[in-house]
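All of the numbers you see were taken from the coordinates with simple rules; none came from a lab. Quantities reported herein were computed from a predicted structural model and do not represent experimental measurements. All Cβ positions, even for glycine, are placed from backbone atoms using ideal geometry, and neighbour counts span all protein chains on display.
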Ligand SMILES: C[S@@+](CC[C@H](N)C(=O)[O-])C[C@H]1O[C@@H](n2cnc3c(N)ncnc32)[C@H](O)[C@@H]1O
């Protein structure tokens with residue numbers, strides 16, 4: 001029988017290898033992850049994340065999942081936005097990223113009502129109808145079976161709940177796109193080498209963005225996973241997009 005294949009950046013790999021390869025990427029970049037985000041986005045990733053949190057219409061006492069939470073930037077913003085009056089689970093498949101996130105929150109004195117769960121987005125270990133909001137920031141692109149992850153998110157949302165996926169997307173301006181391609185393939189791997197001592201992980205980042213679904217294709221995936229009233233907003237010429245879907 002032929003092995004099922006998927007993409008890891010531009011490489012075609014057996015489907016059951018991708019998770020291990022993605023793990024190597026994030027194990028390798030954990031220590032310099034936050035610094036690299038600041039440098040490579042010139043700090044703009046904070047604005048993208050704030051936009052996602054502000055567009056979620058959060059309310060006090062909600063139960064919120066930050067999926068693929070990594071070093072917990074979105075968890076931090078959610079907790080600050082609701083002044084701690086919420087219950088948040090920060091979840092990630094990668095133990096080293098999640099540990100870093102947990103330490104960062106503790107350093108900021110933000111630990112009340114936050115729990116940490118190591119889990120694969122494709123097989124969320126939470127009961128049906130558990131969360132008012134599920135955020136996934138820059139995580140979906142790395143998941144082996146994105147449709148499975150979306151179905152799992154849908155199952156765990158309460159009726160009336162929203163899923164917000166913040167992810168790199170496809171630049172809508174041809175001139176910006178040319179500059180962005182030059183930046184991504186010429187400069188980004190060099191920054192990765194200088195700062196994180198890891199060129200390959202940042203080459204993977206550039207490639208995985210190009211292999212990720214377009215805005216319209218991801219919206220169609222949301223719809224086929226059962227989400228309703230699906231929409232997206234492009235940020236910074238579509239370099240990033242926030243996708244939103246509801247469960248009614
Ligand atoms: C680029 S980081 C994003 C971290 C954080 N959300 C942020 O916006 O800075 C992507 C995260 O997705 C996690 N991830 C990758 N595949 C995953 C999966 N199948 N399930 C859950 N998390 C996953 C990685 O471990 C990593 O921490």
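Each part reduced to its alpha carbon centroid, segment 102-125 and segment 2-45 end up 20 Å apart.
Averaging over every viewing direction, what projected area does the convex hull of the Cα atoms of segment 125-248 cover, in nm²?
Working: hull surface 32.4 nm².
Average of the hull's projected areas for segment 125-248 equals 8.1 nm².
Highest mean packing comes first when the peptides 112-121, 36-45, 175-184, 83-92 are listed by Cβ atoms within 10 Å, giving 83-92, 112-121, 36-45, 175-184.
A simple spin-label model places pseudo-atoms 7 Å from Cα toward Cβ; at residue 38 and residue 5 they are separated by 4.1 nm.
Just to verify a number: FRET efficiency for residue 155 and residue 187, C-beta to C-beta distance, R0 = 41 Å, to 0.05? Could the numbers behind the result be given before it?
On the way: r = 41 Å, r/R0 = 0.99.
Computed FRET efficiency for residue 155 and residue 187: 0.50.
Considering helices alone, the calculated mean residue ellipticity of the chain at 222 nm is -13500 deg cm²/dmol, with DSSP H runs of length four and up weighted by -39500 (n - 2.57) and normalised per residue.
Kirkwood radius for segment 197-248, taken over all pairs of different Cα atoms as the inverse mean of 1/r, rounds to 12.5 Å. Taking 0.36 nm per residue of sequence separation and removing the Cα-Cα distance, the residue 172/residue 112 pair yields an extension gain of 17.5 nm.
The modelled label-to-label distance for the pair residue 55/residue 95, using points 7 Å beyond Cα in the direction of Cβ, is 3.6 nm.
If each residue's Cβ is checked for other Cβ atoms within 10 Å, how do 123, 154, 202 rank with the fewest at the top?
Numbers: 123 11, 154 19, 202 23.
In increasing order of surrounding Cβ atoms, one gets 123, 154, 202.
Starting from the Cα gyration tensor of the chain, take the square roots of the eigenvalues, sort them a ≥ b ≥ c, and report rounded, prolate or oblate (rounded when a/c is under 1.5, otherwise prolate if a/b is larger than b/c, else oblate). Present the calculation step by step, with values, prior to reporting the outcome.
Numbers: a/c = 1.38, a/b = 1.23, b/c = 1.12.
Cα axes put the chain in the rounded bin.
Fewest Cβ neighbours within 10 Å first, please rank 194, 48 accordingly.
Ranking 194, 48 by Cβ neighbours within 10 Å, fewest first, gives 194, 48.
According to the square roots a ≥ b ≥ c of the eigenvalues of the Cα gyration tensor, what is the shape class of segment 163-205, taking rounded for a/c under 1.5, prolate for a/b larger than b/c otherwise, and oblate for the remainder? In terms of gyration-tensor shape, oblate.
Global size of segment 1-70: 17.0, 52 Å for Rg and Dmax (C-alpha atoms, Rg to one decimal, Dmax whole).
For residue 231 and residue 81, what does the FRET efficiency come to when R0 = 25 Å and r is the distance between their Cβ atoms, rounded to the nearest 0.05? After rounding, the FRET efficiency stands at 0.75. Shape call for segment 88-165 from the C-alpha gyration tensor, a ≥ b ≥ c root eigenvalues: rounded (a/c under 1.5), prolate (a/b greater than b/c) or oblate? Since a/c reaches 1.5 but b/c is at least a/b, the shape of segment 88-165 is classed as oblate.
Treat the count of other C-beta atoms within 10 Å as a stand-in for reagent exposure and order 169, 130, 231 from fewest to most.
On the way: 169 25, 130 16, 231 12.
Fewest-to-most Cβ neighbours within 10 Å comes out as 231, 130, 169.
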